[in-house]
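Below is one structure, written out as structure tokens, with a few remarks after it.
The values are calculated or read from the model by the stated rules, or taken from the named source; none is laboratory data. Quick caveat: nothing in here was measured; it's all calculated off a predicted structure. Heads up, the Cβs are rebuilt from the backbone with ideal geometry, glycines too, and the neighbour counts pull from every protein chain shown.
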There are 2 protein chains.
Amino acid sequence: MQKRIILASQSPRRKQLLDLLGFEYDIIVSNIDETLPEFIRQNSSAAQIATELARQKAFAVGKGLRQNGNNSAQEVIIIAADTIVMLDNKLYGKPNSAAEAKAMLQSLCGKTHQVCTGIAILLYNFIENKMHCLTESENSLVSFRKYDDAEIDAYINTGEPMDKAGAYALQGVGGCLVAKIDGCYTNVIGLPMPKIVKMLRDVGVQVLGQ
Amino acid sequence: MQKRIILASQSPRRKQLLDLLGFEYDIIVSNIDETLPEFIRQNSSAAQIATELARQKAFAVGKGLRQNGNNSAQEVIIIAADTIVMLDNKLYGKPNSAAEAKAMLQSLCGKTHQVCTGIAILLYNFIENKMHCLTESENSLVSFRKYDDAEIDAYINTGEPMDKAGAYALQGVGGCLVAKIDGCYTNVIGLPMPKIVKMLRDVGVQVLGQ
């Protein structure tokens, strides 16, 4: 059966990681409202929140395809992910200003925070109009070395922190702040590759010769 | 005093990492013989071997500058590094053939190996003709997931393993094999950035606003 693969993310880092696997896919961005009700934020683990947001993104893209018509494939595999940064039960999203980025980097300084990516892989069979969704999550711990405000300002001036959860990019200048990772490192960039490889194989996509 | 910074490495990964710090530097590659006497390989830790090789690379570049004349600066800071992969007391260098790469990847499969980078920073004062060398090393543990020969073959076909110690690149397709890192992740790519930042500051180079 003809399968179309879609990455439901506008993150250039996720695209770069998925490109490593060497298959063709399209990008369709979901525009879900990522704001969670306060009682969910308070009572859910990082994994539950990230997985739920990934699931919502995948279904939003699936529903969009149904509404707009999907003529190019009988079956669609939609890959969605959501990465969150958490320290002391507080979520760190993308900063809205340089001041917010600075406050985040001050909070994370010298401490170990959690990075959790939720993944949803949605299979959409258009012949039978059936959806089936697999979800997984991956947790890593990231320990920042100590740094001072001058260094934070210099880092913010690179422009890198502004569109990143937790206001840093592991694979960029932010890597100079990271003393230690404990866990999957592609997870910290936004897509835990060993898990993605396994999930894609589980749904019949050939990856890396298998 | 005018200082010239030199990276004594031809690794594009090290260049990419050092570029993150935003200062100007030249690349001069040392061509030292990296073969170590058997008694040293047998009786030295990964850190001792990597540090010694880094030191040799830095001094080779320093001596080359002295022989060829150095008119562009009164003081030179030479950064050299050597990264080795070790499992069960066996060193894994760059594979010389696809068969050797395959054997390495088979050995590393499903196991946790050690990646150690030795760093040498050599200060060469040309006015006083004095050299002073700082060395450090960084250790990380890398756990590979399980994979089979078909996957190894597909990975070798990407061409990526051939010029990498241990026959993989963390920042490339090889990242799909890495289940877990415990330690500094830039160390695994070839240059432990938090340590480099500290060492450069110790010798008076301004890095990231400090």
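Assorted remarks:
- In the stretch A:9-25, residue farthest from the other protein chains (Cβ to nearest Cβ) [restricted to those that are in contact with a strand residue (DSSP E or B) (Cβ under 9 Å, 6 or more places away or on another chain) and not hydroxyl-bearing (Ser, Thr, Tyr)]: A:Gln10
- Any chance B:Cys176 is surrounded by 18 or more Cβ atoms within 10 Å (Cβ to Cβ), within 11 Å of chain A (Cβ to nearest Cβ) and over 14 Å from the mean Cα position of the chain (by Cα): yes
- Only residues that are among the acidic types (Asp, Glu), within 11 Å of chain A (Cβ to nearest Cβ) and under 20 Å from the mean Cα position of the chain (by Cα) were counted in the stretch B:129-162, giving 2.
- Residues in the stretch A:195-210 that are facing chain B (nearest Cβ under 8 Å) and touching an Asp or Glu at 6+ places or on another chain (Cβ under 7 Å): A:Leu208, A:Gly209, A:Gln210.
- Among residues of the stretch A:118-155 being of a type in the set (Val, Ile, Thr) and buried (at least 20 other Cβ atoms within 10 Å of the Cβ), the one that is nearest to A:Val61 (Cα to Cα) is A:Ile121.
- Within the stretch A:164-203, considering residues that are touching a Lys or Arg at 6+ places or on another chain (Cβ under 7 Å) and under 30 Å from A:Met131 (Cβ atoms), the one modelled with the lowest pLDDT: A:Ala165
- Within the stretch A:163-173, no residue satisfies the criterion of being within 7 Å of another protein chain (Cβ to nearest Cβ) and acidic (Asp, Glu).
- Residue within the stretch B:38-47 that is surrounded by fewer than 21 Cβ atoms within 10 Å (Cβ to Cβ), more than 20 Å from B:Val197 (Cα to Cα), out of contact with any strand residue (DSSP E or B) (no Cβ under 6 Å at 6 or more places or on another chain) and among the hydroxyl-bearing types (Ser, Thr, Tyr) present: yes
- Complete set of residues in the stretch A:179-194 that are under 19 Å from A:Ile119 (Cα atoms) and either in contact with an Asp or Glu (Cβ under 7 Å, 6 or more places away or on another chain) or more than 9 Å from every other protein chain (Cβ to nearest Cβ) (or both): A:Cys184, A:Asn187, A:Gly190, A:Leu191, A:Pro192
- Subset of the stretch B:87-99 (residues that are in contact (Cβ under 8 Å) with a residue 60 or more places away in the chain and surrounded by fewer than 21 Cβ atoms within 10 Å (Cβ to Cβ)): B:Gly93, B:Lys94, B:Ala98
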